[in-house]
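The values are calculated or read from the model by the stated rules, or taken from the named source; none is laboratory data. The model shown is predicted, which means the values in this text are computed figures rather than measured ones. Here the Cβ positions follow ideal geometry from the backbone for every residue, glycine too, while neighbour counts run over all protein chains shown. When the accessible area is computed, the model is the full protein with side chains, heavy atoms only, and any ligands, DNA or RNA have been set aside. Shrake-Rupley method; radii C 1.70, N 1.55, O 1.52, S 1.80 Å.
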Amino acid sequence: MKKNSFFRDLLEVIIAVAVISFILLKFIVMPCQVNGKSMFPTLKEGYRTYSFIISRNIGINRFDICVVDTKTEDNEKLLVKRIIGMPNETIEYKNNVLYIDGVETNEDFLGDDVYTDDFVVTLKEDEYFCMGDNREVSKDSRFYGPFKKDAILATKMFVLYPFSEIGFK
């Protein structure tokens, strides 16, 4: 009788862990690994992170780091980028300065040696403009175009590894 009780208890624990894991990974957090240098120096290659699905559902904010699904016909690739432009805004870079709806906007998260080529884009309803912090190597909205809200899978980035970098970015 005790042997059956042990296996039943073990099965209950396994099922509970599976259900909790499913809920966490489907509705709350998304594990990510940073590949490439497009978010350098904020996020470096090999960082293991969690991004929050639930925060995307609460609200998307300018300069949040996000996970974006490119969903092209050729492949389905997830990107880690920073939200620069929000719906119905005009985003302009002129002489390496960001203007949002004509107002100069500071990007404190960028290093001094980051250069962004000049461009102007006007976003439609439900469009977001996302860019990497390492502008010279990043394939982002300048390459893919603006992203719809559905393509932004998660926002906010928590670095878990390397341990020396643990925390929100």
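Structure data summary
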quantity	calculated
Residues within the stretch 128-140 that are in a strand (DSSP E or B) and open to solvent by less than 10 Å² (accessible area, probe 1.4 Å), tallied	3
Near pairs, Cβ below 6 angstrom, 6+ apart or cross-chain, from the stretch 1-15 (at pLDDT 85 or above) to any residue that is loosely packed, with under 10 Cβ neighbours inside 10 Å	none
Some residue of the stretch 2-17 being open to solvent by 30 Å² or more (accessible area, probe 1.4 Å) and either part of a loop (DSSP other than H, G, I, E, B) or within 19 Å of Y161 (Cβ to Cβ) (or both)	no
Selection from the stretch 118-143 of residues that are in contact (Cβ under 8 Å) with a residue 60 or more places away in the chain and farther than 19 Å from F63 by Cβ	V137, K139
Candidate set from the stretch 128-144 (those that are of a type in the set (S, T, Y) and modelled with pLDDT of 95 or more); member that is farthest from T70 (Cα to Cα)	Y128
Failed criterion for M30 (all others in (1) outside any loop (DSSP other than H, G, I, E, B); (2) touching a Lys or Arg at 6+ places or on another chain (Cβ under 6 Å) hold)	(2)
The stretch 18-46: number of residues that are open to solvent by 30 Å² or more (accessible area, probe 1.4 Å) and hydrophobic (A, V, I, L, M, F, W, C)	11
Test: residue in the stretch 146-168 that is under 17 Å from F63 (Cβ atoms), touching a Lys or Arg at 6+ places or on another chain (Cβ under 7 Å) and surrounded by fewer than 19 Cβ atoms within 10 Å (Cβ to Cβ)	yes
Residue match in the stretch 141-159 (condition: assigned to a strand (DSSP E or B), closer than 26 Å to F52 by Cα, touching a Phe, Trp or Tyr at 6+ places or on another chain (Cβ under 6 Å) and among the small types (G, A, S))	yes
Strands (runs of 3 or more DSSP E) within the stretch 47-126 that include 1 or more residues more than 30 Å from Y161 (Cα to Cα) and open to solvent by 20 Å² or more (accessible area, probe 1.4 Å)	90-94, 97-100, 103-105, 119-122
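Yes or no, residue by residue, for (1) modelled with pLDDT of 95 or more; (2) of a type in the set (S, T, N, Q):
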residue	(1), (2)
I54	no, no
N75	no, yes
E89	yes, no
I100	yes, no
F119	yes, no
D126	no, no
P146	yes, no
M157	no, no
G167	no, no
